[in-house]
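Written out below as structure tokens is the structure these notes cover.
The values are calculated or read from the model by the stated rules, or taken from the named source; none is laboratory data. Keep in mind that what you see is a predicted model, and the values were worked out from it rather than measured. Glycine gets a Cβ as well: all are built from the backbone with ideal geometry, and neighbour counts include every protein chain shown.
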Amino acid sequence: MVKLLLTIVTSLGTVMMPRISFAHAHGLKEDVMNYMMKSYRFTWFLSIPMCLGLISTAPNFVPWFYGPGYEKVIVVLQAISGIIIAIGISNVTGIQYLVPTNRQNQLTLSVIVGAAFNFGINFYLIPKYHSVGVAIATLLTEWLVTMVQLYMVRRDFGFKTILSQSTHYWLAGMIMFMITITIEQMFSPTIIHTGVIAIIGGAVYIGILLGMRDSVLMEGISAAREKLGI
């Protein structure tokens, strides 16, 4: 489930990477900045509701998907869901920016730091917490890699600038989270109920962003209208 969501979140990289590479090669710094901010906004737009949605629906999803005796998977899934945001942001920073701008050595360094950290923390967490320990170690590792990469591009964009792109999505996501986690407690674990919870959560999230006239959502609606000829 997490891998499927990650595939969706990181899909933008194949589209934006050639554009950023072209803009960088021609010295178009403003274009590079615009492309990167769009990528960050799009990643926040997708990853935040996916992460929070997975946390809130896991208690309903796990019992019917994995079957009896796998209740511990709920905590594991909730713990590891944060990597959706971390890997999404590191994909934008590392794959969409560091690689096209010929700074692969910095990308490699961030991965090495993460691998070393993961190796060490696994020794501490796995014996005590087992599968939950693996999930926590993975979560901390991915966020460390993300933070290292953000530190490397601090003079290009700045952490506050990147974080400011997420404001709408955290607000809408938290409201969605509170509603879905409340609804989840009313439903028994079935595939239909999980689907209903997901649909309600998605509708709430999109509805709030529509009210905010969010740029990512409005651009997506405009693009869809053009293709459909509406």
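I'd like to check something: does the stretch 115-127 contain any residue that is free of Cβ contacts under 8 Å to residues at least 24 places away in the same chain, over 18 Å from Trp44 (Cα atoms) and buried (at least 22 other Cβ atoms within 10 Å of the Cβ)?
no
Before we move on, is Phe61 under 21 Å from Phe157 (Cα atoms) and either without any contact (Cβ under 8 Å) to a residue 12 or more places away in the chain or crowded, with 17+ Cβ neighbours inside 10 Å (or both)?
Details: under 21 Å from Phe157 (Cα atoms): no; either without any contact (Cβ under 8 Å) to a residue 12 or more places away in the chain or crowded, with 17+ Cβ neighbours inside 10 Å (or both): yes.
Considered against the rule, which asks whether it is under 21 Å from Phe157 (Cα atoms) and either without any contact (Cβ under 8 Å) to a residue 12 or more places away in the chain or crowded, with 17+ Cβ neighbours inside 10 Å (or both), Phe61 comes out as no.
Just give me the residues in the stretch 44-72 being among the aromatic types (Phe, Trp, Tyr) and either in contact with a helix residue (DSSP H, G or I) (Cβ under 7 Å, 6 or more places away or on another chain) or in a loop (DSSP other than H, G, I, E, B) (or both), in sequence order.
Result: Trp44, Phe45, Phe61, Trp64, Tyr66, Tyr70.
Take Ile112 and tell me if it is within 27 Å of Val132 (Cβ to Cβ), under 21 Å from the mean Cα position of the chain (by Cα) and assigned to a helix (DSSP H, G or I). Please lay out each step first, then the result.
Details: within 27 Å of Val132 (Cβ to Cβ): yes; under 21 Å from the mean Cα position of the chain (by Cα): no; assigned to a helix (DSSP H, G or I): yes.
So Ile112 fails the test.
Would you pick out the residues in the stretch 207-228 that are at pLDDT 95 or above and of a type in the set (Val, Ile, Thr)?
The one that is at pLDDT 95 or above and of a type in the set (Val, Ile, Thr): Ile208.
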